[in-house]
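These notes concern the structure reproduced below.
The values are calculated or read from the model by the stated rules, or taken from the named source; none is laboratory data. As the structure is a prediction and not an experimental result, all values here were calculated from the model. Virtual Cβ from ideal backbone geometry, glycine too; neighbours counted across all protein chains shown.
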(Lines give C-alpha, C1' and ligand atoms only; values in the text may rest on other atoms or scores of the structure.)
Protein backbone atom coordinates (compact mmCIF):
# COMPACT_ATOMS: atom_id res chain seq x y z
CA UNK A 1 0.00 0.00 0.00
CA UNK A 2 1.39 3.42 -0.90
CA UNK A 3 1.50 6.37 1.46
CA UNK A 4 -1.32 7.96 -0.58
CA UNK A 5 -3.46 4.83 -0.11
CA UNK A 6 -2.81 4.88 3.62
CA UNK A 7 -3.74 8.58 3.78
CA UNK A 8 -6.89 7.97 1.74
CA UNK A 9 -7.94 5.03 3.89
CA UNK A 10 -7.38 7.03 7.09
CA UNK A 11 -9.33 10.00 5.69
CA UNK A 12 -12.22 7.75 4.67
CA UNK A 13 -12.38 6.11 8.11
CA UNK A 14 -12.29 9.55 9.77
CA UNK A 15 -15.12 10.76 7.51
CA UNK A 16 -17.28 7.75 8.43
CA UNK A 17 -16.66 8.44 12.13
CA UNK A 18 -17.53 12.12 11.64
CA UNK A 19 -20.72 11.12 9.80
CA UNK A 20 -21.74 8.78 12.64
CA UNK A 21 -21.04 11.43 15.27
CA UNK A 22 -23.14 14.01 13.37
CA UNK A 23 -25.96 11.52 12.91
CA UNK A 24 -26.12 10.86 16.66
CA UNK A 25 -26.58 14.54 17.60
CA UNK A 26 -28.76 14.28 15.42
CA UNK A 27 -27.62 16.81 12.84
CA UNK A 28 -28.68 15.29 9.51
CA UNK A 29 -27.59 18.32 7.49
CA UNK A 30 -24.02 18.12 8.82
CA UNK A 31 -24.09 14.33 8.42
CA UNK A 32 -25.05 14.80 4.75
CA UNK A 33 -21.82 16.73 4.11
CA UNK A 34 -19.95 13.41 4.37
CA UNK A 35 -22.18 11.76 1.76
CA UNK A 36 -22.12 11.87 -2.03
CA UNK A 37 -25.14 13.16 -3.95
CA UNK A 38 -27.42 10.25 -4.83
CA UNK A 39 -26.45 8.29 -1.69
CA UNK A 40 -28.25 5.03 -1.07
CA UNK A 41 -28.87 4.22 2.60
CA UNK A 42 -30.39 0.77 3.24
CA UNK A 43 -31.64 -0.06 6.73
CA UNK A 44 -32.58 -3.36 8.30
CA UNK A 45 -35.68 -4.71 6.62
CA UNK A 46 -34.68 -3.24 3.26
CA UNK A 47 -35.89 0.28 4.02
CA UNK A 48 -34.16 2.67 1.61
CA UNK A 49 -33.39 6.32 2.28
CA UNK A 50 -31.70 9.02 0.19
CA UNK A 51 -30.70 11.54 2.88
CA UNK A 52 -29.74 11.43 6.58
CA UNK A 53 -32.84 13.53 7.45
CA UNK A 54 -34.97 10.55 6.35
CA UNK A 55 -32.99 8.29 8.67
CA UNK A 56 -33.47 10.78 11.53
CA UNK A 57 -37.24 10.82 10.89
CA UNK A 58 -37.37 7.01 10.81
CA UNK A 59 -35.38 6.73 14.05
CA UNK A 60 -37.65 9.32 15.72
CA UNK A 61 -40.53 6.90 15.24
CA UNK A 62 -38.62 3.87 16.46
CA UNK A 63 -36.77 5.35 19.46
CA UNK A 64 -37.28 8.18 21.97
CA UNK A 65 -33.54 8.60 21.45
CA UNK A 66 -30.67 6.39 20.33
CA UNK A 67 -26.86 6.58 20.34
CA UNK A 68 -24.05 4.28 19.24
CA UNK A 69 -21.16 2.91 21.23
CA UNK A 70 -18.70 2.56 18.39
CA UNK A 71 -16.49 -0.32 19.45
CA UNK A 72 -14.37 -0.66 16.32
CA UNK A 73 -13.92 0.20 12.68
CA UNK A 74 -12.82 -2.42 10.19
CA UNK A 75 -11.36 -0.64 7.17
CA UNK A 76 -10.80 -2.38 3.85
CA UNK A 77 -8.92 -0.44 1.15
CA UNK A 78 -9.89 -1.17 -2.43
CA UNK A 79 -9.30 0.01 -5.96
CA UNK A 80 -10.70 3.55 -5.81
CA UNK A 81 -12.98 2.82 -2.85
CA UNK A 82 -12.69 2.16 0.85
CA UNK A 83 -15.13 -0.10 2.67
CA UNK A 84 -15.60 0.78 6.32
CA UNK A 85 -17.51 -1.33 8.83
CA UNK A 86 -18.55 0.28 12.11
CA UNK A 87 -19.39 -2.28 14.79
CA UNK A 88 -20.74 -1.70 18.25
CA UNK A 89 -23.94 -1.42 20.24
CA UNK A 90 -26.91 0.91 20.40
CA UNK A 91 -28.27 2.37 23.62
CA UNK A 92 -31.13 4.71 24.32
CA UNK A 93 -34.84 4.63 25.08
CA UNK A 94 -37.80 3.08 23.31
CA UNK A 95 -40.73 5.41 22.58
CA UNK A 96 -42.38 4.42 25.90
CA UNK A 97 -39.28 5.60 27.81
CA UNK A 98 -37.93 2.12 28.56
CA UNK A 99 -34.12 2.24 28.43
CA UNK A 100 -32.10 -0.25 26.41
CA UNK A 101 -28.45 -0.99 25.77
CA UNK A 102 -26.32 -3.70 24.21
CA UNK A 103 -28.31 -3.69 20.95
CA UNK A 104 -25.71 -4.87 18.42
CA UNK A 105 -25.23 -3.02 15.14
CA UNK A 106 -23.09 -3.21 12.02
CA UNK A 107 -22.93 -0.33 9.54
CA UNK A 108 -21.18 -0.89 6.20
CA UNK A 109 -20.01 2.16 4.26
CA UNK A 110 -18.54 2.42 0.78
CA UNK A 111 -16.43 5.58 0.42
CA UNK A 112 -15.17 7.04 -2.86
CA UNK A 113 -13.19 10.29 -3.18
CA UNK A 114 -13.72 10.96 0.53
CA UNK A 115 -17.54 10.77 0.38
CA UNK A 116 -19.85 7.98 1.49
CA UNK A 117 -21.62 6.55 -1.58
CA UNK A 118 -23.49 3.69 0.10
CA UNK A 119 -24.46 2.82 3.65
CA UNK A 120 -26.05 -0.40 4.86
CA UNK A 121 -27.35 -0.82 8.42
CA UNK A 122 -28.06 -3.95 10.47
CA UNK A 123 -29.04 -4.10 14.14
CA UNK A 124 -30.98 -6.12 16.71
CA UNK A 125 -33.80 -3.59 17.20
CA UNK A 126 -36.45 -5.68 15.44
CA UNK A 127 -35.55 -8.71 17.56
CA UNK A 128 -35.73 -6.64 20.72
CA UNK A 129 -39.10 -5.15 19.75
CA UNK A 130 -40.46 -8.64 19.05
CA UNK A 131 -39.15 -9.80 22.41
CA UNK A 132 -40.89 -6.93 24.21
CA UNK A 133 -44.16 -8.21 22.75
CA UNK A 134 -43.42 -11.86 23.51
CA UNK A 135 -43.21 -12.70 19.80
CA UNK A 136 -39.72 -14.15 19.41
CA UNK A 137 -39.26 -17.80 20.07
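Residue-level check: of (1) in a strand (DSSP E or B); (2) farther than 19 Å from residue 127 by Cβ; (3) under 13 Å from the mean Cα position of the chain (by Cα), residue 31 misses just (1). No other residue among 102, 88, 61, 80 is at pLDDT below 95 and in a strand (DSSP E or B) apart from 102. Considering segment 13-33, and only residues there that are within 17 Å of residue 73 (Cα to Cα) and touching a helix residue (DSSP H, G or I) at 6+ places or on another chain (Cβ under 7 Å), the residue that is surrounded by the most Cβ atoms within 10 Å (Cβ to Cβ) turns out to be 19. A count restricted to segment 39-57 and to residues that are touching a strand residue (DSSP E or B) at 6+ places or on another chain (Cβ under 8 Å) and more than 18 Å from residue 86 (Cβ to Cβ) stands at 4.
Cβ-Cβ contacts under 6 Å between residues 6 or more apart (or on different chains), taken from a first residue in segment 29-58 that is closer than 21 Å to residue 114 by Cα to a second residue that is exposed (fewer than 13 other Cβ atoms within 10 Å of the Cβ) and at pLDDT 95 or above, are listed as 42/48. Looking across segment 109-133, the residues that are assigned to a loop (DSSP other than H, G, I, E, B) and at pLDDT 70 or above come down to 113, 114, 124.
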